[in-house]
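All remarks here apply to the structure that follows.
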Amino acid sequence: MDPYRVWLSEVMLQQTTVAAVTPRFERFVTKWPTVEALAAADDADVFAEWAGLGYYARARNLLACARKVAARGGFPASAADLRGLPGIGPYTASAIAAIAFGEAAPAIDTNIRRVIARLHALERPSDAEIEALLGNMIPAGRAGDFIQALMDLGATICRARAPRCDHCPLRTDCQAFATGQPEAFPAPKIKTVRPQRYGIAWWIERDGAVWLVRRPHKGLLGGMAALPSSDWGDSLAPDVNALSMVRHVFTHFALDLKIVRAGEPIGEGWWHPVDRLADAGLPTLFKRAAALAVAARRPCAAA
DNA sequence: AACTCGTGGTA
DNA sequence: TTACCAAGAGT
């Protein structure tokens, strides 16, 4: 299988559902059919194509990786050599090696971790423990098929919530099933409180265009196009005359972002036509903010 | 080792 | 509505 496609799909699928990835993958490979084409792309075009997929460090690492791979003349064919490339961690290195190159690499994702943990009724298995147990299961010459089958089992039968043990081919060997509480393995993560933050984004419009900026390369939404915004603090934004507000939930905090009209451009940026906002490559937070600003600017006449 | 880093679907 | 969860990696 084409290592470029395997790599791209595996990176897109990191913490992201198949349903969300599938259409985006097709667009991506149509635009950049080879790793050489991707390596030659402009950063802003790739970031825009990634907009909405989340975890934007993946897009930055994707470009860095494509350029290294193109420079060396192709993907390395072993998990060990893939592992050092930007955005390729333990799972992705093994998955590419197994699926694209047939290496018997124990690719451990959250599905496989859950299946193995339940088979042996382990509450907090270490990576090494899972890897050893999985290694014993991989049939010779079928590593890629096997790990994909195990991932599918985890995704459809051995699900995190409400596992379908009555459909499971491993039921008679499963120690978690034997306990009567298979969903108790592995132990659920400890939940933490999600802090609330507040900020302001500015809507600056002139001659049918809005002022956009590029966020700093590191940190949240790093490298992405955005509306100019304040720092996001722990206290309520001052009482400003806002066009609207977006409530957005990130992984580790929730944000109330007020959208405020301003007159002059803020920071380094560019004018983008308001009627082509869909092409601006805004991440979801700012895409929603921009949509609300447009709606507030032109209130719908129909009640 | 613990924290950072998005988003949308599901129950 | 709330809470959980998803084919993890980087620091």
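The values are calculated or read from the model by the stated rules, or taken from the named source; none is laboratory data. Remember, it's a predicted structure, so these values are computed and weren't measured experimentally. For neighbour counting, all protein chains shown are included, and Cβ atoms are generated from backbone atoms with ideal geometry for every residue, glycine included. All accessible areas refer to the heavy atoms of the entire protein, side chains included, with ligands and DNA or RNA removed. Shrake-Rupley method; radii C 1.70, N 1.55, O 1.52, S 1.80 Å.
Against chain A, whose longest principal axis comes from its Cα atoms, helix A:110-119 is set at around 30 degrees. Would you work out the relative contact order for the stretch A:196-297, in percent, from Cα pairs under 8 angstrom that are 6 or more residues apart? Relative contact order here is 37 percent.
Taking max minus min of the alpha-carbon positions on each principal axis, the stretch A:154-247 gives extents of 68, 29, 26 Å, largest first. Sorting A:231, A:2 by solvent-accessible area of protein heavy atoms yields A:231, A:2, largest first, with a 1.4 Å probe. You can think of it this way: the chain between residue A:140 and residue A:18 has 41.1 nm of extra reach, that is 0.36 nm per residue less the Cα-Cα gap. Distance between the pseudo-spin-label points of residue A:2 and residue A:179 (7 Å out from Cα toward the beta carbon): 4.4 nm.
Here's the list of lysines a cross-link from residue A:287 could span, going by alpha-carbon distance under 16 Å and ignoring same-chain residues fewer than 8 apart: A:258. With protein chains left intact and a 1.4 Å probe, residues in chain A average 53 Å² of accessible area per residue.
Sequentially through the stretch A:49-58, phi angles give Karplus couplings (6.51, -1.76, 1.60; θ = phi - 60°) of 5, 7, 3, x, 7, x, 6, 6, 4, 5 Hz, Gly and Pro residues having no value and appearing as x. Helix A:143-156 and the longest principal axis of the C-alpha atoms of chain A enclose an angle of approximately 60°. Where both bridge residues fall in the stretch A:196-297, DSSP classifies roughly 70% of the beta bridges as antiparallel. Ordered from largest to smallest accessible area (heavy atoms of protein chains, 1.4 Å probe), the residues A:108, A:204, A:266 come out as A:266, A:108, A:204. Using the Cβ-Cβ distance between residue A:37 and residue A:160 with R0 set to 22 Å, the FRET efficiency from 1/(1 + (r/R0)^6) comes to roughly 0.05. Near residue A:129: Cβ cut-off under 12 Å, other residues only, Lys/Arg at +1 and Asp/Glu at -1. The net charge is -1. Note on chain A: the alpha carbon radius of gyration divided by the globular reference 2.2 N^0.38 Å gives 1.19. Separation of the stretch A:235-301 and the stretch A:3-39 by C-alpha centroid, Å? Cα centroid to Cα centroid, the span is 29 Å. Surface calculation, 1.4 Å probe, protein heavy atoms: residue A:240 sits at approximately 50 Å² accessible.
Counting only aspartates and glutamates at least 8 places from residue A:218 when in the same chain, those with an alpha carbon closer than 15 Å to its own are A:43, A:231.
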